[in-house]
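Some notes on the structure that comes next.
Only the coordinates and a few stated rules stand behind these numbers; no lab work does. Nothing here was measured: the structure is a model prediction, and the numbers come from that model. For neighbour counting, all protein chains shown are included, and Cβ atoms are generated from backbone atoms with ideal geometry for every residue, glycine included.
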């Protein structure tokens, strides 16, 4: 099952005819933000999207060291006490996304797509598969072969998991998204059982790719446009 939370208010709703309007997706580089601050930004954009005040959004952010626990999380997958996390400079946060426990930190690109799925496909599983495809295609641009694993959400290489995915959907508008390890310090994953799976994690840098985050974000943007049929505009 994809790592998704769908709220009880997610029922089919009538959408005005917008076929004549271009399906724009605004791209925002929020830089480095604490997880809580990024959550506030997401919620603001989600509410604006629900009201039709903004088009779809793709927000890129890098978080300081933080471990987040999703709505489906299990405490046993957090391997460090609050005291150890604090001494290591790692924040801990609960999240309303789907999935279990994961780590975010410097060198990782976190993408928060805020899409109205009524203007794409009213299909949660297809959306998650679409996010995976965006990452797979972007990695291919850098010569990294990746794919999906049966029964496990995210993007995988022969060396381990390279991108985690966990989303929330409310009234068909998405939030949260994916985290791609670019040049992440993988030692921080020792504090958790990533996404509840006892499998290795890897990064683009560990696989020999020296691309920087701006190059990777550009590739993700191009492939997001391709997979979701959107016209991307930087704001």
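For this structure, a couple of remarks:
- For the range 35-98, the Cα-based Rg and Dmax, in that order, read 14.8, 44 Å.
- For 60, 92, order by how many other beta-carbon atoms lie within 10 Å, fewest first: 92, 60
- Solution diffusion estimate, µm²/s, Stokes-Einstein, the chain, Kirkwood Rh from C-alpha pairs, 4 °C, viscosity 1.567 mPa s: 73
- Out of every Cα-Cα pair that the range 141-181 contains, those further apart than 17 angstrom amount to 40 percent.
- Comparing Cα centroids, the range 81-98 and the range 203-235 end up 28 angstrom apart.
- Simple label model, 7 Å out from Cα along Cβ direction - residue 122 to residue 43, nm: 2.8
- Taking the longest Cα principal axis of the chain as reference, the axis of helix 35-50 is set at about 20 degrees.
- Distances between every pair of Cα atoms in the range 102-198, grouped in 5 Å steps from 0 to the bin holding the largest one, split as 2, 12, 24, 24, 20, 12, 5, 1, 0 percent.
- The ranking of 76, 149 by Cβ neighbour count inside 10 Å, starting from the fewest, reads 76, 149.
- At 0.890 mPa s and 25 °C, Stokes D of the range 49-155 from Kirkwood alpha-carbon radius, µm² per second: 152
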